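The values are calculated or read from the model by the stated rules, or taken from the named source; none is laboratory data. Source: prediction; values computed, not measured. Ideal geometry is used to build each Cβ from the backbone, glycine not excepted, and the neighbour counts take in all protein chains shown. In case anyone asks, the SASA skips ligands and DNA or RNA and just uses the protein heavy atoms, side chains included. Shrake-Rupley method; radii C 1.70, N 1.55, O 1.52, S 1.80 Å.
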Amino acid sequence: MHHPLFYRYMINIVTSSRYKIDRPHLQKEIQIILDKYELPYEITLNVVFVGKRKMREIANTYKHEDVALPVLSFSYKDQMEHNDNLLGEVILCYPQAVLLAAEKGKRVEVMFVQLIDHGIDNIMTK
């Protein structure tokens, strides 16, 4: 296990101030998820929280679906050397994640981690 103050991966969590996010907890959980893949070098991952309108816009543009999906991920593995080792982006729809957590009777933080795990899995298997 890594020393708690040392993170192997650079994780950028981007969010609006209106969304309540426990950054330190998410950072730690994402580090653990990424460790599963035994990546040979330091990578950067962007995790972005957006609202329903923005997520619908992104889903429409890239997936041709007119719906606010709970999570979308984009892999940049092919361009990593030219892109500061940016592995990809996981985009979460904050309101959808909160709804999903309520439907499944889970804490919102747990749902965030599950959705991020799913997004990272999609990046790694593409």
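Just the residues that are part of a loop (DSSP other than H, G, I, E, B), touching a residue at least 24 places away in the same chain (Cβ under 8 Å) and surrounded by fewer than 13 Cβ atoms within 10 Å (Cβ to Cβ), please, taken from the range 23-44.
Within the range 23-44, TYR41, GLU42 qualify.
Do we find that VAL110 is at pLDDT 95 or above and open to solvent by 20 Å² or more (accessible area, probe 1.4 Å) in this structure?
Answer is yes for this residue.
Taking the range 75-99 as the region of interest, how many residues are closer than 19 Å to ILE33 by Cβ and either among the β-branched types (Val, Ile, Thr) or open to solvent by 40 Å² or more (accessible area, probe 1.4 Å) (or both)?
Number of matching residues: 7.
Listed here are the residues, each with its yes/no results for (1) in a helix (DSSP H, G or I); (2) at pLDDT 95 or above; (3) out of contact with any helix residue (DSSP H, G or I) (no Cβ under 8 Å at 6 or more places or on another chain).
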{"residue": "MET1", "(1), (2), (3)": "no, no, yes"}
{"residue": "PHE6", "(1), (2), (3)": "no, no, yes"}
{"residue": "ARG18", "(1), (2), (3)": "no, no, yes"}
{"residue": "ASN46", "(1), (2), (3)": "no, yes, yes"}
{"residue": "ILE91", "(1), (2), (3)": "no, yes, no"}
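In the list ALA68, ALA102, which residue meets the criterion of being small (Gly, Ala, Ser) and in contact (Cβ under 8 Å) with a residue 12 or more places away in the chain?
ALA68
Of the residues that sit in the range 113-126 and are under 14 Å from ILE30 (Cα atoms) and not aliphatic (A, V, I, L, M), which one is surrounded by the most Cβ atoms within 10 Å (Cβ to Cβ)?
Of everything passing the filter in the range 113-126, GLY119 is surrounded by the most Cβ atoms within 10 Å (Cβ to Cβ).
Being open to solvent by 60 Å² or more (accessible area, probe 1.4 Å) and among the small types (Gly, Ala, Ser) is the requirement here; does GLY105 meet it?
Spelling it out, GLY105 is indeed open to solvent by 60 Å² or more (accessible area, probe 1.4 Å) and among the small types (Gly, Ala, Ser).
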